1. Checking residue 236 against (1) closer than 27 Å to residue 59 by Cβ; (2) touching a helix residue (DSSP H, G or I) at 6+ places or on another chain (Cβ under 7 Å); (3) not in a loop (DSSP other than H, G, I, E, B), only one condition comes out false. Which one?
2. Output the residues belonging to the range 396-454 that are assigned to a strand (DSSP E or B), out of contact with any helix residue (DSSP H, G or I) (no Cβ under 7 Å at 6 or more places or on another chain) and crowded, with 19+ Cβ neighbours inside 10 Å.
3. Look through the range 223-242, keep the residues that are more than 28 Å from residue 363 (Cα to Cα) and in contact with a strand residue (DSSP E or B) (Cβ under 7 Å, 6 or more places away or on another chain), and return whichever of them is farthest from the ligand (Cβ to nearest atom).
4. Output the number of residues of the range 206-222 satisfying the condition of being buried (at least 22 other Cβ atoms within 10 Å of the Cβ) and either out of contact with any strand residue (DSSP E or B) (no Cβ under 8 Å at 6 or more places or on another chain) or without any contact (Cβ under 8 Å) to a residue 60 or more places away in the chain (or both).
5. Only one of (1) touching a helix residue (DSSP H, G or I) at 6+ places or on another chain (Cβ under 8 Å); (2) in contact (Cβ under 8 Å) with a residue 40 or more places away in the chain is not met by residue 339, so which one is it?
6. If you go through the range 222-249 one residue at a time, how many are under 17 Å from residue 74 (Cα atoms) and under 25 Å from the mean Cα position of the chain (by Cα)?
7. Check off (1) within 16 Å of the ligand (Cβ to nearest atom); (2) outside the structural domain of residue 483 (by TED's automatic domain parsing) for residue 113 and give me the number that stays unchecked.
8. Can you tell me which of (1) assigned to a loop (DSSP other than H, G, I, E, B); (2) closer than 24 Å to residue 211 by Cα; (3) without any contact (Cβ under 8 Å) to a residue 40 or more places away in the chain is the one residue 140 doesn't meet?
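The values are calculated or read from the model by the stated rules, or taken from the named source; none is laboratory data. These figures come from a predicted structure and were not determined experimentally. Neighbour counts run over all protein chains shown; Cβ positions are idealised from the backbone, glycine included.
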Ligand SMILES: Cc1cc2nc3c(=O)[nH]c(=O)nc-3n(C[C@H](O)[C@H](O)[C@H](O)COP(=O)(O)OP(=O)(O)OC[C@H]3O[C@@H](n4cnc5c(N)ncnc54)[C@H](O)[C@@H]3O)c2cc1C
């Protein structure tokens, strides 16, 4: 059985290794000159820094799927980050997060003594909801819609209070606005508006405390090299610089695909490019007509520095004076934010392999609207304003230490194949979550499958990997059923 994967993002790579383990003859077709998709580096001279993902969440999900895919744990190194990160508020206060429960309680006590009970309750309630949410909604596909609309799932949804938004949910635990924001801003990790995304996503901030956050030695993008080596070792073919332009089908089965003018036959096709774009390959099926809402996008600044800011947290959040207005500008008004909150990543404090000795790298992410209506080449003032803030709030004299600077804006993301330049796949709104998100088997074509951030269960490296595992289960199950049919 010949399985062809369209796209070598993390979803495609992990699918290839899982399918190979199960004995499928699998290959990867990638349009770019390298694998990894959003998992990539920005490099200059002897400096390198992650271009996209930086925070390793759900470490157990990541390691257990790598293990199942046959990637030995000694091939990569995860470093725990604790304290997790600092959140700097405009009122001058800084809230730190910890993996250790007691340390966190002391921190809550220090800044917001009246919120201690609320924090304990949040962690207790989420302990229960996490397991339920994972088993019912993340670790399975809803390719068969009836699997979602069961009595048990509906009960779970009510228990999870899925009808609330993330922010509304956090309001029930915390009185202080800073605490509400500290536990709801994480829906931005997947490009969702905390004032709009379903409460299920408040599990992200819970999971950071409970399961910890990690850093992959060498940067998150070093995972691509690890997977590439494994593909090579097992002789899995990878075709770079090869863009899939169309699929061919007969009845409800795809028969193959075109790479420009060359036709290749396939028994299974797995789409890993961003789904709203990939769906156009599924001509004359319902999915190819569907309208999608993109996630937020990012303006990213990368710096090579002539120093390391020692004793600085790896991850920091710098909140603006009006977070809700920032979200309104990103998700509703879709304008260049007037006073944005932003995130910074300075891995050089724990990893000297990213820059020449004594030098460092820095990454800054500002949530901005998706779409191509803003002329980002005219936003130099906006960029300078962010650098001003970085200097004042986290990195003194930054300008004097910049060796090089690179900028990545939504136009670049859109040109590279992300739907409307949205950084995280389609938005995690209610009607694009769970059963409403494109599924592992996304259309009426019975041997076409999908994996990636815009496909259920959603975005983020470990969750996309879980999506690959779910997809392989569906494909395997289809195959077994087909084999049974023929043996009768
Ligand atoms: C700025 C940023 C920060 C992020 N931070 C984090 C984080 O801290 N932690 C985290 O876990 N996640 C993070 N993410 C999310 C994470 O990067 C994504 O969820 C994940 O990488 C998506 O993987 P994917 O499998 O959907 O593939 P993609 O990365 O989208 O790759 C798809 C591949 O398919 C190829 N392709 C597309 N069309 C075709 C075609 N027609 N023919 C051949 N090939 C094709 C593309 O070239 C690409 O290589 C971040 C993302 C961004 C952008």
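1. So residue 236 meets the others, but not (3).
2. Of all residues in the range 396-454, those assigned to a strand (DSSP E or B) come to 402-408, 426, 448-450.
Still in the list and also out of contact with any helix residue (DSSP H, G or I) (no Cβ under 7 Å at 6 or more places or on another chain): 402-406, 408, 448.
Once the filter is applied, which keeps residues that are assigned to a strand (DSSP E or B), out of contact with any helix residue (DSSP H, G or I) (no Cβ under 7 Å at 6 or more places or on another chain) and crowded, with 19+ Cβ neighbours inside 10 Å, the range 396-454 yields 408, 448.
3. Taking the candidates together, the pick is 236.
4. Number of matching residues: 0.
5. (2)
6. As a first pass, look at the range 222-249 and keep what is under 17 Å from residue 74 (Cα atoms): 222-231, 233.
This time we only want the ones that are under 25 Å from the mean Cα position of the chain (by Cα), so: 222-231.
Total meeting the criteria: 10.
7. So the condition that residue 113 fails would be (1).
8. Answer for residue 140: the failing condition is (3).
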